[in-house]
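First comes the structure, then the notes that go with it.
Values in this text are rule-based calculations from the coordinates and carry no lab data. What you see is a predicted model, and the numbers here were worked out from it, not measured in a lab. When we count neighbours, we look across all protein chains shown, and the Cβ atoms used for this are built from the backbone with ideal geometry, even at glycine.
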Amino acid sequence: MYTTLKFLHLLGVVLFVGNIIVTALWKTLADRSGNPATVAFAQRTVALADWVFTLPGALLVLIGGYGMAFRRPWPLHGLRWLEWGQGLFWLAVLIWLVVLIPTQRRLVVVSEEARRTGAVPPEFARLSTRWAVWGSLATLLPLIALYLMVTKP
């Protein structure tokens, strides 16, 4: 059972971290094209990828991680690497839910409007900058958590 939980946890990490890194690259390249149809397609697909990969990945991280902690049992408090890892992960999830998802929804709307009109409005650049800044933080935090979980300093 512990090995299955560990597998689920690691699969979740791969889906979660892999998707946030790949979609950031894909969105950046699409935005640089300046082509409203490409930008709109990429925006829709980035939003979809969050629901197909990031959300299930986060859930698997939680199910596997907390499952292993309870199965072993590992104390959820008292081990600094585990406390920090959990905190950084939850902070990344909070940023995703509070900032990134609403920003992505607006980006989809604005990019679809750009596709229809043929011109990307200035609001798109402002929203994309917000998405990039907060998304970078929401990417860095789980990477640090991953380091802590692997090295257990």
Between L29 and R71, with labels modelled 7 Å along Cα→Cβ, what's the label distance in nm to one decimal, could you check? 3.7 nm
Which chymotrypsin sites (Phe, Trp or Tyr not before Pro) in the stretch 87-139 sit in a loop by DSSP (not H, G, I, E or B) and have at most 14 other Cβ atoms within 10 Å of their own Cβ? none
With Cβ to Cβ distances under 15 Å as the rule, what net charge do the other residues near A40 carry (K, R +1; D, E -1)? +3
Which of the listed residues, A30, V61, F41, is farthest toward the dipole's positive end in the chain, when Lys, Arg count +1 and Asp, Glu count -1 at the beta-carbon? V61
Taking the simple approach of a point 7 Å from Cα along Cα-to-Cβ for both T4 and V133, what is their distance in nm? 4.6 nm
Size of electric dipole in the stretch 2-151: Cβ of Lys, Arg +1 and of Asp, Glu -1, about Cα centre, debye, nearest 20: 80 debye
Could you give the C-alpha radius of gyration of the stretch 2-151 expressed as a fraction of 2.2 N^0.38 Å, taking N as the number of residues it contains? 1.17
Based on the Cβ-Cβ distance from V109 to L48, what FRET efficiency comes out when R0 is 22 Å, to the nearest 0.05? 0.90
